[in-house]
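The values are calculated or read from the model by the stated rules, or taken from the named source; none is laboratory data. Bear in mind that the values here come from a model prediction, so they are computed numbers and not experimental data. Please note: Cβ atoms are built from the backbone with ideal geometry, for glycine as well, and neighbour counts cover all protein chains shown. When the accessible area is computed, the model is the full protein with side chains, heavy atoms only, and any ligands, DNA or RNA have been set aside. Shrake-Rupley method; radii C 1.70, N 1.55, O 1.52, S 1.80 Å.
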Amino acid sequence: SICNRLDRNTSGIIIGTKDYPSLKMINDSIKIGNVHRYYKTLVKGIVKKDMVIEGYLTKDEELNKVEVLEEKEEDSKKIVTSIKVLNTSSLYSLLEIELITGRTHQIRAHLSSIGYPIIGDVKYGYKKENKYFKEKYGLDSQFLHGYRIIFTGLEEPLEYLNSQEFYSNLGEKFSRIEKDLFKI
């Protein structure tokens, strides 16, 4: 069974288990924050410092879109997102995002709500930027990749996973964009 999900058009690591007890243990560990999930993303704008941002998320089921609010409202859910700056250019920032909470479209909507939309994101991003990256690089999805997972606090029979890190390399398109923008 699959334990975590990725938004449509997001690439990266997913966790699968072979049996129900393992599924339950991993799902419980995700809920209490013992599975650390990290994403690489490219955003429009210069993020100057690492930060942890909080807000409240509401979902419009009909539009399959979310909104980030500063104050709690009825039916809103708290979201917490950790942002680490990996690199910047004159127009863009490459970020590592750790999901502290994991809600629908959390990373995409949260970054957009503070003025840093993800490149290639048709729901929460900038059309002009998306068009540029599609024409230049053939980018047809958001630049958002679940690239690292770290397990902690697991009990038997999965304790052997504690402190293990699992990585997923960026695909060819994302790697090319990263190299071009940041001269890596």
Considering residues that are under 20 Å from Gly120 (Cα atoms) and either open to solvent by 90 Å² or more (accessible area, probe 1.4 Å) or of a type outside the set (Val, Ile, Thr) (or both), the number found within the stretch 54-83 is 4
| Would you call Thr58 free of Cβ contacts under 8 Å to residues at least 40 places away in the same chain and in contact with an Asp or Glu (Cβ under 9 Å, 6 or more places away or on another chain)? | yes
Glu155 fails exactly one of (1) open to solvent by less than 40 Å² (accessible area, probe 1.4 Å); (2) in contact (Cβ under 8 Å) with a residue 12 or more places away in the chain, namely (1)
Has the stretch 165-184 got any residue that is farther than 24 Å from His36 by Cβ and in contact with a Ser or Thr (Cβ under 7 Å, 6 or more places away or on another chain)? yes
_Suppose the filter is closer than 16 Å to Gly12 by Cβ and either part of a loop (DSSP other than H, G, I, E, B) or of a type in the set (A, V, I, L, M) (or both); does Ile97 pass it?_
yes
Of (1) within 14 Å of the chain's Cα centre (by Cα); (2) at pLDDT below 95; (3) buried (at least 18 other Cβ atoms within 10 Å of the Cβ), Tyr39 satisfies every one except (2)
The number of residues in the stretch 158-175 that are open to solvent by less than 100 Å² (accessible area, probe 1.4 Å) and without any contact (Cβ under 8 Å) to a residue 24 or more places away in the chain is 7
